[in-house]
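Below is one structure, written out as structure tokens; the observations come after it.
The values are calculated or read from the model by the stated rules, or taken from the named source; none is laboratory data. What you see is a predicted model; the values in this text were computed from it and never measured. Here Cβ is always computed from backbone atoms with ideal geometry, including for glycine, and neighbour counts include all displayed protein chains. The protein model used for the area step is the full one, side chains on, heavy atoms only, and it has no ligands, DNA or RNA in it. Shrake-Rupley method; radii C 1.70, N 1.55, O 1.52, S 1.80 Å.
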Amino acid sequence: MSWYPEPDEALVHRGPARFATGRAEKVAGMRWFRDETGRDIAAELPGWPEGPAYSPRSDAAARTTKTAWGIGKAVVFTAALAVNAVSNANPTVNLGDGARPTDPAREVEDFPVLVAAPGTIARGLPHQLDPDRRAKQYRTDLVVTDRRLVVLGTIADGGLEHPEVLWEAPRGALASVVKHAFGSGGADVSFVFADGSWARLGLENVAAAIQVAHELEPSCRVELTELAVKKLEPNYDKPPADHEWETIRQDNGRAVAQLVFRVRGKTFRTKQKDVTKWVDAAGD
């Protein structure tokens, strides 16, 4: 038996999701769960089974200073992203592949995937989102509807899905959503909640990350210029008549677009491309 939204609720996205995984050499394959001061709270989260105790691969990586964390709240995190969003200092970015970190304190020296004070929304996220704390055959999905976010847990049983609702929150609880350039496969997205807590999830692929950011964060959407469309269209063999472009700004300021088209009632997303030079050319 599968999961379905309420009769008056529209499904926008459903796909695999989990807590993101560090990409930089010092933290590759690792993740941490912290409070607003940067303290590790994995052992304090109610109902969470024990997981691995990670350590960065070098002494230098372990020198995460109090200054780096500062106040440690998501408002600071969001402000840092805003600064990065207006910077185009990294022209070689290609959807996360070869991208450079935009926040070294949280992507190179450390890799927190949950930052939450007691009683905050992100602190209630389920442990099953952590691949290190669930059975190998267990899968978690992120669902986005026009009303809420839902995390489903799924166990394959004789080819049938038996999903359970592990967590949910109304869309109004979100303060901002950011797609990270420096993420595994370009698929990392951070969800910042209105209470200051946040979580970084790795979605199924870059297409899903662009879709979710485009849907949930209006401020990151980019309207393609006429020049950008003219440059993009020849790259595709006669795009279907029923098509559009989803375009967003990543946290490094680069604009990325993907083709969205529909065939026989099904929606497809494909062929992501960096369009920064064409979008920004209009303002030169």
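Which of the residues that make up the range 121-140 are touching a Phe, Trp or Tyr at 6+ places or on another chain (Cβ under 7 Å) and under 23 Å from Gly172 (Cβ atoms)? Matches in the range 121-140: Ile121, Ala122, Gly124, Leu125, Pro126, Leu129. Screening Pro49, Pro16 for residues that are assigned to a strand (DSSP E or B) and either at pLDDT 95 or above or closer than 23 Å to Phe191 by Cβ (or both) leaves exactly one candidate, Pro16. Filtering the range 208-223 to residues that are open to solvent by less than 30 Å² (accessible area, probe 1.4 Å) and either over 23 Å from Leu125 (Cβ atoms) or in contact with a helix residue (DSSP H, G or I) (Cβ under 6 Å, 6 or more places away or on another chain) (or both) leaves Ala213, Cys220, Val222.
Tell me, which residue of the range 108-159 that is assigned to a loop (DSSP other than H, G, I, E, B) and among the small types (Gly, Ala, Ser) is farthest from the chain's Cα centre (by Cα)? Per the stated criteria, the residue is Gly158. Taking only the range 52-83 into account, find how many residues are modelled with pLDDT under 85, more than 20 Å from Arg123 (Cα to Cα), in a loop (DSSP other than H, G, I, E, B) and open to solvent by 100 Å² or more (accessible area, probe 1.4 Å). Final tally of qualifying residues: 2.
It is to be established whether one or more residues within the range 234-250 are modelled with pLDDT under 95, aliphatic (A, V, I, L, M) and more than 19 Å from the chain's Cα centre (by Cα). Taking every residue of the range 234-250 in turn, at least one turns out to be modelled with pLDDT under 95, aliphatic (A, V, I, L, M) and more than 19 Å from the chain's Cα centre (by Cα). Contact annotation: residue pairs with Cβ atoms under 6 Å, 6 or more positions apart or on different chains, pairing a residue in the range 258-280 that is among the aliphatic types (A, V, I, L, M) with a partner that is surrounded by 20 or more Cβ atoms within 10 Å (Cβ to Cβ) and modelled with pLDDT of 90 or more, are Val260/Glu246; Val275/Ala255; Val275/Ala257; Val279/Ala255.
Restricted to the range 131-141, and to residues that are out of contact with any helix residue (DSSP H, G or I) (no Cβ under 7 Å at 6 or more places or on another chain) and within 20 Å of Glu161 (Cα to Cα), which residue is most open to solvent (accessible area, probe 1.4 Å)? Among those that are out of contact with any helix residue (DSSP H, G or I) (no Cβ under 7 Å at 6 or more places or on another chain) and within 20 Å of Glu161 (Cα to Cα), it is Lys136.
Could you look through the range 173-189, keep only residues that are of a type outside the set (Phe, Trp, Tyr) and part of a loop (DSSP other than H, G, I, E, B), and pick out the one that is nearest to Asp110 (Cα to Cα)? Residue satisfying both the conditions and the ranking: Gly183. Among the residues of the range 12-26, those identified as under 25 Å from Gln137 (Cα atoms) and either over 14 Å from the mean Cα position of the chain (by Cα) or not aromatic (Phe, Trp, Tyr) (or both) are His13, Arg14, Gly15, Pro16, Ala17, Arg18, Ala20, Thr21, Gly22, Arg23.
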